[in-house]
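Visitor: This is the structure, below, for whatever I ask next.
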Amino acid sequence: MTKIVNHWIGGKTVEGASGTHGPVTNPATGEVTTKVAFASVDEVDAAVAAAKEAFATWGQSSLAQRTSILFKFRALLDAHRDEIAELITAEHGKVHSDALGEVARGLEIVDLACGINVQLKGELSTQVASRVDVSSLRQPLGVVAGITPFNFPAMVPMWMFPIAIACGNTFVLKPSEKDPSASVKLAELLAEAGLPDGVFNVVHGDKVAVDRLLEHPDVKAVSFVGSTPIARYIHTTASANGKRVQALGGAKNHMLVLPDADLDAAADAAVSAAYGSAGERCMAISAVVAVGAIGDKLVEKIRERAEKIKIGPGDDPTSEMGPLITKVHRDKVASYVEGAAAEGCEVVLDGTGYTVDGFEDGHWIGISLLDKVPTSAKAYQDEIFGPVLCVLRTETYEEALDLINNSPFGNGTAIFTRDGGAARRFQLEVEAGMVGVNVPIPVPVGYHSFGGWKDSLFGDHHIYGNDGTHFYTRGKVVTTRWPDPADAPTGVDLGFPRNH
């Protein structure tokens, strides 16, 4: 019997009533293993209504109550991390170690939320004028929503909801319909930790559900992670409906390798950053820019390492890379490699014909490496979101910097060099939101915020860290004047003993 994933509304599982379902596939076998209920407008409205009702009390709850529940949730998350990783592997396809790493990165944001007290402290200025004090405080928004992608079905939701609910908001999550089970498991663990009904809700679906969240008058803010075209749509639509929006889009992350770099370290970094999680991550390095005469040697070192990567089912402990999420996506990724030579690229490795014995119907693709890629090639211009690495050549640092800064994306970038001055200059001159120095995937730790520039981010706030706290709260300033008791005409009895 096919498993059915339903909604989570008001603290319990709610069966889909729309009659519409989507298929969830095991990427390693190509088999449809699960059906996920797609929400109607009425079902989205029910989730928002449950969240709004819960906010009436949760928004007034003490910080101690909120963080106590989050500490319990953290313990449960830690205890169930293998189970969550198995759900991710079964529906997304990534290898178990990658899935465990995803849960660990989500836990980092839960840790931050457990200590939200510090971020929510207000400020006070006394005696700004005679007997006048001014204070500032931050208050929750109300019902907030998160729309999350398939590539990190546990981590990206945990970049959002722990901080949101710690700040006193209630949350409606619309996860990817391609791998929905992890989100429901998170809801169950939150309920087990004692989170009141309605504070966290999950509705599955497609554009119908998304559009209703974007237009619903009771949703005050929307967080999104996904492709640039959809991020732009989310930002435009939600903003037009008066909502606060943080919409993180796509990427084409460049890794600049200077002639003085440790090429072995650079090659190791390029391979792990380009092909880890099958390249299905917005912080993947998809373009290496080799400066000067090192290009041939660097490409050879990357090729040697890439050829040794073992590709197989994610639940096989010997696998280092799994399949892609769907056959449609697999074919799209392959098309960039198949058309590369005609666009002037040198195809060093072509993984488009790769299959795994016994799993021939899986969504398999091997490692691809393209060298001497022109900036006009589609493989360079588009976010491929698969295990395809482009190598571009430049003669100078300045030429490489211009190439990177001319990209419409500005998510993350990295430089590999032994020269501190060159690294310092790069981190100041490059137009990207996150920079790594001899670090290939510069994802910030939880107490610093994550986000890009240019077409990689729409909205003013990055995600998690201090930006996350500011996004999920709004500031209020209070100016207070109290009269001095001594100025009262008849005096004021303060309850002190009288000596006369």
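Visitor: Let me spell out the model: positive unit charges on the Cβ of Lys and Arg, negative unit charges on the Cβ of Asp and Glu, origin at the Cα centre of the range 387-456. What dipole size does that give, in debye rounded to 20?
Guide: 260 debye
Visitor: Right, next: In the range 98-239, how does Rg compare with the Kirkwood Rh, expressed as the Rg/Rh ratio over alpha carbon atoms?
Guide: Working: Rg = 17.5 Å, Rh = 16.6 Å.
Expressed as Rg/Rh, it is 1.06.
Visitor: Sticking with this one: D for the range 258-321, whole µm²/s, Stokes-Einstein with Kirkwood Rh over alpha-carbon pairs at 25 °C and 0.890 mPa s: what number?
Guide: Answer, rounded: 194 µm²/s.
Visitor: Right, next: Could you give the length gained by full extension between A75 and Q60, i.e. 0.36 nm per residue of separation minus their alpha carbon distance, to one decimal place?
Guide: Taking 0.36 nm per residue and subtracting the Cα distance, the gain is 2.9 nm.
Visitor: Summing +1 for each Lys or Arg and -1 for each Asp or Glu, what net charge is found among the other residues whose Cβ lies under 12 Å from the Cβ of E123? If you can, show how the numbers build up before the last one.
Guide: Details: positive: K121, R138, K476; negative: D133.
Charge balance in the 12 Å sphere: +2.
Visitor: Right, next: How big is the Rg/Rh ratio for the range 353-431, C-alpha atoms only, Rh by Kirkwood, two decimals?
Guide: Rounded to two decimals, Rg/Rh equals 1.10.
Visitor: So how tilted is helix 155-166 from the main axis of the chain? Cα-based, degrees 0 to 90, rounded to 10.
Guide: Helix 155-166 and the main axis of the chain meet at about 0 degrees.
Visitor: As a test question: what accessible area, to the nearest 10 Å², does V128 have when a 1.4 Å probe is rolled over all protein chains in place?
Guide: V128 has an accessible surface of roughly 80 Å² with all protein chains in place.
Visitor: Under a crude label model (7 Å from the Cα following the beta-carbon direction), how far is H448 from S376 in nanometres?
Guide: The two pseudo-label positions are separated by 3.9 nm.
Visitor: When every alpha-carbon pair in the range 1-67 is counted, what percent end up more than 20 Å apart? Before the final figure, lay out the partial values.
Guide: Details: 1046 of 2211 pairs.
In whole percent, the share of Cα-Cα pairs in the range 1-67 beyond 20 Å is 47.
Visitor: First compute the accessible area of the chain with a 1.4 Å probe, then give the percent of it belonging to carbon and sulfur atoms.
Guide: 52 percent
Visitor: Then there's this: What is the dipole size for the chain, taken about its Cα centre, with +1 at each Lys and Arg Cβ and -1 at each Asp and Glu Cβ, in debye to the nearest 20?
Guide: On the way: 44 positive and 62 negative charges, 318 e Å.
Dipole magnitude for the chain comes out near 1520 debye.
Visitor: Once you have the Cα-Cα distance between D460 and V208, take 0.36 nm times their residue separation minus that, and quote the gain in nm to one decimal.
Guide: Result: 88.1 nm gained on full extension.
Visitor: Pop out the Kirkwood hydrodynamic radius of the range 155-283 from its pairwise C-alpha distances, inverse of mean 1/r, in Å to one decimal.
Guide: Over the range 155-283, the inverse of the mean reciprocal pair distance is 17.1 Å.
Visitor: Go through I311, A266, S368 and say which Cα lies farthest out towards the positive end of the charge dipole of the range 265-386; charges sit on Cβ, +1 for Lys and Arg, -1 for Asp and Glu.
Guide: So the residue we want is A266.
Visitor: Simple spin-label model, 7 Å along Cα-to-Cβ: R481 to D262 in nm?
Guide: In this crude spin-label approximation the distance works out to 6.5 nm.
Visitor: A further question on this structure: Which of [x] 98, 62, 41; [y] 71, 53, 43; [z] 88, 59, 39 is the computed Cα extents along the principal axes in Å for the structure on display?
Guide: This structure yields the entry labelled [x].
Visitor: Pop out the ³J(HN,Hα) list for the range 367-378 in order, Karplus 6.51 cos²θ - 1.76 cosθ + 1.60 with θ = phi - 60°, rounded to Hz; leave Gly and Pro as x.
Guide: 6, 10, 9, 10, 10, 6, 7, x, 5, 7, 6, 4
Visitor: Assuming 0.692 mPa s and 37 °C, estimate D for the range 215-373 with Stokes-Einstein, Rh taken as the Kirkwood radius over Cα pairs, in µm²/s.
Guide: 184 µm²/s
Visitor: Follow-up. Between E15 and E307, what is 0.36 nm times their sequence separation minus the Cα-Cα distance? Round to one decimal in nm.
Guide: This chain segment gains 100.5 nm when fully extended.
Visitor: Further question: Accessible area per residue for the range 191-303 in Å², computed with a 1.4 Å probe and the full protein assembly in place, what is it?
Guide: On a per-residue basis, the range 191-303 sits at 30 Å².
Visitor: Between E395 and R425, take the C-beta separation as r, use R0 = 25 Å, and let me know the FRET efficiency to the nearest 0.05.
Guide: Between E395 and R425 the formula returns 0.90.
Visitor: Rank V291, V333, V184 by how far each Cα sits towards the positive end of the charge dipole of the chain (+1 on Lys, Arg Cβ; -1 on Asp, Glu Cβ) and give me just the farthest.
Guide: V184
Visitor: Taking 8 Å as the Cα distance limit and 6 or more residues as the minimum spacing, I'd like the relative contact order of the chain as a percentage.
Guide: Rounded, it is 18 percent for the chain.
Visitor: Run the numbers on the range 28-164 and let me know its relative contact order in percent, using alpha-carbon pairs under 8 Å that are six or more apart.
Guide: Details: 98 pairs, mean separation 36.0, N = 137.
Reported relative contact order: 26 percent.
Visitor: On a C-alpha basis, how far is the centre of the range 236-281 from the centre of the range 428-491 in Å? Whole number, if you could?
Guide: Using only Cα atoms to place each centre, the spacing works out to 23 Å.
Visitor: At a Cα cut-off below 25 Å, give the lysines reachable from K243, other chains included and same-chain residues fewer than 8 away excluded.
Guide: K52, K121, K174, K207, K220, K454, K476
Visitor: Using 13 Å as the cut-off for backbone N distance, which residues of the range 198-222 belong to the label zone defined by a point 7 Å from the Cα of D42 along Cα→Cβ?
Guide: none
Visitor: Taking the Cα-to-Cβ direction at R131 and at V118 and moving 7 Å from each Cα, how far apart do the two end points lie in nm?
Guide: If labels sit at R131 and V118, their model points lie 3.9 nm apart.
Visitor: Would you mind computing Rg(Cα) / (2.2 N^0.38 Å) for the range 376-478, counting N as its residues? Write out the running numbers ahead of the final one.
Guide: On the way: Rg = 16.2 Å, N = 103, 2.2 N^0.38 = 12.8 Å.
Scaled against compact globular proteins, the figure is 1.26.
Visitor: Cα extents of the range 52-168 along the three principal axes, largest first, in whole Å?
Guide: Extents along the principal axes, in whole Å: 65, 27, 23.
The values are calculated or read from the model by the stated rules, or taken from the named source; none is laboratory data. The shown structure was predicted, so the numbers you read here are calculated from the model rather than taken from an experiment. Neighbour counts are summed over all protein chains in view; Cβ atoms, including those assigned to glycine, are modelled from backbone coordinates with ideal geometry. Accessible surface is based on the protein model in full, side chains and every heavy atom, while ligands, DNA and RNA are left aside. Shrake-Rupley method; radii C 1.70, N 1.55, O 1.52, S 1.80 Å.
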